[in-house]
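The values are calculated or read from the model by the stated rules, or taken from the named source; none is laboratory data. Note that the structure is a prediction, hence the values are computed from the model and not measured. Neighbour counts run over all protein chains shown; Cβ positions are idealised from the backbone, glycine included. All accessible areas refer to the heavy atoms of the entire protein, side chains included, with ligands and DNA or RNA removed. Shrake-Rupley method; radii C 1.70, N 1.55, O 1.52, S 1.80 Å.
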Amino acid sequence: MNLELANALITAALEYRRANGLKPLTIAVIDAGGHLVALQREDGTSNLRAEIAQGKAKGAVAMGLGSRALFRRAQEQPYFIDAMNALNAGALVPVPGGVLILKDSALIGAIGITGDSSDRDEACAVAAIEKQGLTANAG
């Protein structure tokens, strides 16, 4: 993951948002080590959206699962996800919208999107990843 790719992912996500009438979004792109590479917040989003977007992406990378899988796991094993969230200083957000990014089957990072419904956030993330010729793993 580099800044050029991160910015291309954000641009593609914003294009998808506009084309599909989604609400204003906040988009975070992180590398495979969980480090923030790029973040953009559209006008009209609430003040915690940057943390939510990063929490979706970082949780996906930290657990090796798209955040949809983390959402299911939170329903099945809430104490486990609570413990993982505590280990992650409360920054793991286990709802759809955090999608792993794979290149040639190797993890290169994740994108976290928030602002609309979690399902629509996830669809936007998947579309942005696939537009770059990469593989999305939403969980």
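Below is a table of values for the structure above.
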{"read-out": "Accessible-area ranking of Ser67, Ser46, largest first, probe 1.4 Å", "value": "Ser46, Ser67"}
{"read-out": "Cα centre as origin, Lys/Arg/Asp/Glu Cβ charges: the chain dipole, Debye", "value": "120 debye"}
{"read-out": "Gyration tensor (alpha-carbon) shape descriptor, region 26-73, a/c threshold 1.5", "value": "oblate"}
{"read-out": "Solution diffusion estimate, µm²/s, Stokes-Einstein, the chain, Kirkwood Rh from C-alpha pairs, 4 °C, viscosity 1.567 mPa s", "value": "91 µm²/s"}
{"read-out": "Three-way shape label, region 1-60, alpha-carbon gyration tensor, a/c 1.5", "value": "oblate"}
{"read-out": "Anisotropy class of region 92-139 from Cα gyration tensor, a/c 1.5 cut", "value": "oblate"}
{"read-out": "Cβ-based net charge around Pro96, under 13 Å, with every Lys or Arg adding one and every Asp or Glu removing one", "value": "+1"}
